[in-house]
Amino acid sequence: MFRTFRFDAVLIQAVIAGALSFAHLHDLAAAAGQDGWKAWAYPVSVDLLMVAAWRRMRTDTSNRDAWLWFTIALVASLGANVATAGMLDMNHVPAWLRILVAGWPALAFLGGTLLAHAPAPKPEPEPEPVEEPDREPVSDLTVERAPEPAPELPPADPAREEAPPEPAPSAPAVPVPPALLDHARKIADAHHAQTGAPIDAATLRARLGVPPALADSITLQLA
């Protein structure tokens, strides 16, 4: 409700100010010898020039001609308001004011024509899209991994090779993870290929780094 009341108050104020300015321009034109319908045409001409200049200023704020003609129309309106407020003898209007009033139609026509036919500001050109160079399609590459070489084993101890194999431990079997069992089998096969004898529990425990009970269980499953 407050916004509606404010808008109505501004509108009423604008109507009052326009009506008073319109009447002052009419009275000044009549006092300068422009009677009848001609006196009513002067305030219309001043207001139209002001509106045309204001619209041009809104679309092109840097247009100096729009500012110039808006100032001229504003001075004419304010001058009529001040002159009819007792600052000028309306019964004895000076000759220079009669000349200004008589020359106003031509001046207003010139200003309105210049404002109507002024070139509109050119919009800023949009940046052109940059075309990316054509990229060659990347063919699918197949990476082949070379097989990992078998781990090199240290030379076998002759004294250990001559020693008879230790008997299988009688300890209860410990569950062995499948991955650890596969790794132990590879070590055992490499040991057998190098020494010609099966790997014993002590050597397997040293290679794997596992507890004795787990080493014994692995040895039993590899046997």
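So what is the relative contact order of the range 177-223, in percent, for Cα pairs below 8 Å that sit 6 or more residues apart?
Dividing the mean separation by the residue count of the range 177-223 yields 31 percent.
Please say if the range 58-111 is rounded, prolate or oblate, where rounded means a/c under 1.5 for a ≥ b ≥ c the square roots of the C-alpha gyration tensor eigenvalues, and otherwise the choice is prolate for a/b larger than b/c and oblate otherwise?
oblate
Compare the peptides 93-104, 17-28 by average per-residue count of other Cβ atoms within 10 angstrom and give them in order, highest first. Walk me through the numbers before you get to the answer.
Numbers: 93-104: 13.8, 17-28: 17.4.
Put in order of decreasing packing, that is 17-28, 93-104.
Shape of the range 1-104 from its Cα gyration tensor (a ≥ b ≥ c, root eigenvalues): rounded if a/c is under 1.5, otherwise prolate when a/b > b/c, or oblate?
Details: a/c = 2.47, a/b = 1.40, b/c = 1.76.
Since a/c reaches 1.5 but b/c is at least a/b, the shape of the range 1-104 is classed as oblate.
Hey, got the dipole for the range 1-108? About the Cα centre, +1 on K and R Cβ, -1 on D and E Cβ, debye to the nearest 20?
Details: 8 positive and 7 negative charges, 75 e Å.
The dipole magnitude comes to about 360 debye.
Using each residue's phi in the range 89-100, evaluate 6.51 cos²θ - 1.76 cosθ + 1.60 at θ = phi - 60° and report the 3J(HN,Hα) Karplus result to the nearest Hz, with x for Gly and Pro.
3J(HN,Hα) across the range 89-100, in whole Hz: 6, 5, 8, 9, 6, x, 5, 5, 6, 4, 5, 4.
Read-outs: derived from the displayed coordinates by stated rules, not from any lab. Here the structure is a predicted model, which is why all the values come from computation and not from measurement. We place every Cβ from the backbone using ideal geometry, glycine too, and count neighbours over all the protein chains shown.
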